[in-house]
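Step one of this worksheet: look at the structure below.
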Amino acid sequence: MADTEEDPAAVRDPGLQPERTRMAWRRTTLSCAVAVVLAWRQVLLIREPSGTEVVLVALLVLAGLTFLTAAHTRMRTLATPASAGRPRTMDARTALLATACTLVLVGLGAAIVL
Amino acid sequence: MIFPDRMRALAADLRLWFAPARIRNEGSTPDYRFSLANERTFLAWLRTAFALIGGGFAVDQFLPSLHQTVRTVFTVALLAGGALCAVRSVSHWVRCERAMRRGEDLPASRFPSLLGAGVGLLAVAIAVVVLLGWTR
């Protein structure tokens with residue numbers, strides 16, 4: 001019986017905190033994808049697309065992919081604990097990157113709408 | 001004087017944003033579960049931002065009969081709300097993280113109620129405009 005207490009799987013967080021956080025990242029990535037698709041659709045509605053529109057869509061996709069990469073990296077660091085049963089917490093760089101992608105999306109959206 | 005204090009707090013926040021490692025100098029590392037909960041709150045605010053941004057595009061795309069100016073005003077209002085939400089999400093995350101490290105109370109905020117009131121007003125305004133059929 002004493003052996004199971006030494007086993008890292010036995011000290012697993014009963015609140016499933018890392019799993020919940022990983023799923024929160026997944027949900028957020030999906031929300032980001034929906035916003036990117038809607039912005040893309042906005043460009044497609046323009047009757048005669050020029051080079052500007054192509055550049056806007058390219059930047060849009062780039063912002064979406066950057067967010068996806070940030071989320072993926074974070075989900076991977078969550079899966080590799082710093083020590084037994086202690087997952088790594090998010091650094092400010094990841095938070096800033098995710099927010100920057102959102103702001104770029106707003107900027108591109110405003111450029112498309114106006 | 002509240003104003004200089006607020007400016008100083010804002011400057012401290014901005015320094016923290018661009019030198020993220022500094023947060024480790026403050027206080028002691030909290031229980032990782034609290035940090036993860038703070039991260040999920042940050043993500044929930046980010047999703048709110050994406051929802052507002054998507055809503056802005058939706059107003060512009062799915063209400064084509066609306067007067068051009070009215071439509072653009074609603075769209076820009078929703079996009080700006082999304083940007084505000086995104087900036088606020090990271091600022092709130094930093095402040096909560098620092099409060100937990102110092103063992104202080106979590107920051108109180110009137111932002112959720114303001115956002116709720118704003119979204120409510122916008123929804124009523126869009127409903128009224130659509131019902132009145134204020135078309136071009």
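The values are calculated or read from the model by the stated rules, or taken from the named source; none is laboratory data. Just so you know, these numbers come straight off a predicted model, no measurement behind them. Using ideal geometry, Cβ is built from the backbone for each residue, glycine included, and neighbour counts are taken over all protein chains shown.
So is A:Thr66 among the hydroxyl-bearing types (Ser, Thr, Tyr), within 22 Å of B:Ser91 (Cβ to Cβ) and more than 9 Å from chain B (Cβ to nearest Cβ) or not? Against the criterion (among the hydroxyl-bearing types (Ser, Thr, Tyr), within 22 Å of B:Ser91 (Cβ to Cβ) and more than 9 Å from chain B (Cβ to nearest Cβ)), A:Thr66 qualifies. Only residues that are out of contact with any Leu (no Cβ under 8 Å at 6 or more places or on another chain) and outside any helix (DSSP H, G or I) were counted in region B:119-135, giving 1. Taking the numbered list (1) surrounded by 13 or more Cβ atoms within 10 Å (Cβ to Cβ); (2) at pLDDT 90 or above; (3) over 24 Å from A:Ala111 (Cα atoms) in turn, B:Val129 passes all entries but (2).
Identify the residue in region A:53-85 that is among the polar types (S, T, N, Q) and exposed (fewer than 12 other Cβ atoms within 10 Å of the Cβ) and, among all such residues, is nearest to the chain's Cα centre (by Cα). Here the residue is A:Thr80.
Quick check on region A:11-29. Is at least one of its residues within 20 Å of B:Gln61 (Cα to Cα) and modelled with pLDDT of 85 or more? No. Among the residues of region B:66-96, the ones that are at the interface with chain A (Cβ under 8 Å from one of its Cβ atoms) and surrounded by 19 or more Cβ atoms within 10 Å (Cβ to Cβ) come to 9 in all. Determine whether B:Leu131 is more than 30 Å from B:Phe34 (Cα to Cα) and without any contact (Cβ under 8 Å) to a residue 12 or more places away in the chain. Here the answer is yes, as B:Leu131 does meet what is asked. Being touching a Gly at 6+ places or on another chain (Cβ under 9 Å) and either within 20 Å of B:Asp31 (Cα to Cα) or at pLDDT 95 or above (or both), is that true of even one residue in region B:82-93? Taking every residue of region B:82-93 in turn, at least one turns out to be touching a Gly at 6+ places or on another chain (Cβ under 9 Å) and either within 20 Å of B:Asp31 (Cα to Cα) or at pLDDT 95 or above (or both).
Looking at region B:64-76, can you tell me whether even one residue there is modelled with pLDDT of 90 or more and under 17 Å from the mean Cα position of the chain (by Cα)? Yes - at least one qualifying residue is present in region B:64-76.
Consider region A:30-51 and keep the residues that are assigned to a loop (DSSP other than H, G, I, E, B) and either at pLDDT 95 or above or surrounded by 11 or more Cβ atoms within 10 Å (Cβ to Cβ) (or both). The one that is nearest to the other protein chains (Cβ to nearest Cβ) is A:Leu45. Look at region B:75-98: where a residue is within 22 Å of B:Val124 (Cβ to Cβ) and without any contact (Cβ under 8 Å) to a residue 40 or more places away in the chain and a partner is part of a helix (DSSP H, G or I) and charged (D, E, K, R), sitting 6+ places away or on another chain with Cβ atoms under 7 Å, you get B:Thr75/B:Asp60.
Scan region A:69-114 for residues that are part of a loop (DSSP other than H, G, I, E, B) and either more than 9 Å from chain B (Cβ to nearest Cβ) or in contact (Cβ under 8 Å) with a residue 12 or more places away in the chain (or both) and the total you get is 6.
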